[in-house]
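Structure first, then comments.
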Amino acid sequence: MKWHPDRNTDNTEQATIKFKEISEAYEVLSDPQKRQIYDQYGAEGLQRGAGGAAHAHYANQDAFSMFEELFRGQFGGAQFGGAQFGGFSGFGGFGGPRKAPTLKQNLSLTLEEFYMGCTKTVRVSRQIGNHDTDVKTFHVKIEPGYHDGIKLRYANDGHQLPGMTPGDLLFVLQEKPHSTFKRQNKNNLVYTAEISLKHALLGAKLVIPMLNGKKEEVNVAHVIEPNFVKTVRGLGMPIHGYNGSFGDLIIQFKILFPKELSEAKKKEVAAVFDGVEFVKSGPSVLEAVAEKFRFGLEALKPLVSWLFVLFIFIWMGRR
């Protein structure tokens, strides 16, 4: 076997991980009870011992797709569940009929729907037999805190093909762009506040329309510098699986300057700033990180040079 650790002595760690994945996938395929749990509840059902909803979301690759990827090329590039596999007929090589290919359906959702949760009614066209199709309606439950890329699997609700067990239906959640917020790291919301130069100097009062329909008031009393970011804890997205927990609201400020000033206004502004002490604006978060990273590289240069010289001496000594 390609990934057996004994055959990969130069890369034992990766081979051990791959071999473990293969063994776990085979265990699911060859154990009727585990196969039944997988068909009904998906990968999460196996991890928590089944139970719960009739479908589950999961981020990990399912056992059949993983098996197909790990063995593609090893046995002539064939697939599980959709084509011949090294002389076996899909899952039939283990004593049962092949499973029809998974039917994938993208499901687009607004950020509000991800925030509040909802039930989407979706009509799906499936292949029945060799030539017929039918349309079935599904009511897909979206729980608060779900995010882009989550997969909801309905076992045996996909294509129904002759000589095969029914295929699965897989809804892949996709997030629509939002006009006000951007989602960050699944749980945080990023909001850009445009304020005038006047409010940047005197302080700003923001009223932010949230995804749940409420309005949140945020006050900043101090001078707002360019690139200033304010984080409000607990006003982000719901954290799925943790009832009552929310991510953060990250407010980025964009300062708007006047297009032009009359001569009279210029004199008024100049008079206002007489005697005002100015300080240099600090770097943005990204600039600060970049500067620290650059300093770290500079500090490492002597060490890298020394290690390179040592390597040359060792290499020459072995020749």
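Can you give the FRET efficiency to the nearest 0.05 for V229 and D148, using r as the Cβ-Cβ distance and R₀ = 25 Å? Rounded to the nearest 0.05, the efficiency is 0.60.
Please arrange D148, D168, D132 by accessible surface area, largest first, computed with a 1.4 Å probe and ligands excluded.
Values: D148 80, D168 5, D132 105 Å².
The most accessible residue leads, giving D132, D148, D168.
Give the calculated FRET efficiency between R123 and L197 to the nearest 0.05, with a Förster radius of 35 Å applied to their Cβ-Cβ distance. Can you show the working numbers first?
Values: r = 53 Å, r/R0 = 1.50.
E between R123 and L197, to the nearest 0.05, is 0.10.
Using a probe of 1.4 angstrom and keeping all protein chains present, the accessible surface of region 108-243 works out to 55 square angstrom per residue. On region 188-262, 52 percent of the accessible area sits on carbon and sulfur atoms, based on a 1.4 Å probe.
Give me the extension gain from V207 to K20: residue separation times 0.36 nm, minus the current Cα-Cα distance, reported in nm with one decimal.
62.0 nm
Packing around the peptides 263-270, 246-253, 178-185, taken as the average count of other Cβ atoms within 10 Å per residue, puts them in this order, highest first: 246-253, 178-185, 263-270.
So what is log10(I(q)/I(0)) for region 165-268 at q = 0.15, 0.17 1/Å, when the Debye sum runs over its Cα atoms only? Summing over Cα pairs of region 165-268 leads to -0.74, -0.88.
Using heavy-atom solvent-accessible surface (probe 1.4 Å) with all chains present, what is the largest-first order of M116, M237, M210? Write out the running numbers ahead of the final one.
Working: M116 105, M237 0, M210 25 Å².
Largest accessible area first, the list is M116, M210, M237.
In the structure shown, the pairs K99/K136; K20/K104; K120/K186; K214/K254; K215/K266; K151/K205 are assessed against 30 Å; a Cα-Cα span above that value is assigned to K215/K266; K151/K205. Considering only alpha-carbon pairs that sit under 8 angstrom and 6 or more positions apart, the relative contact order computed for region 90-232 is 22 percent.
The values are calculated or read from the model by the stated rules, or taken from the named source; none is laboratory data. Please read these numbers as outputs of a predicted model, since none were measured by experiment. Glycine also receives a Cβ, built like all others from the backbone with ideal geometry; neighbour counts cover every protein chain displayed. The area values use the complete protein model at the heavy-atom level, side chains included, leaving out ligands, DNA and RNA. Shrake-Rupley method; radii C 1.70, N 1.55, O 1.52, S 1.80 Å.
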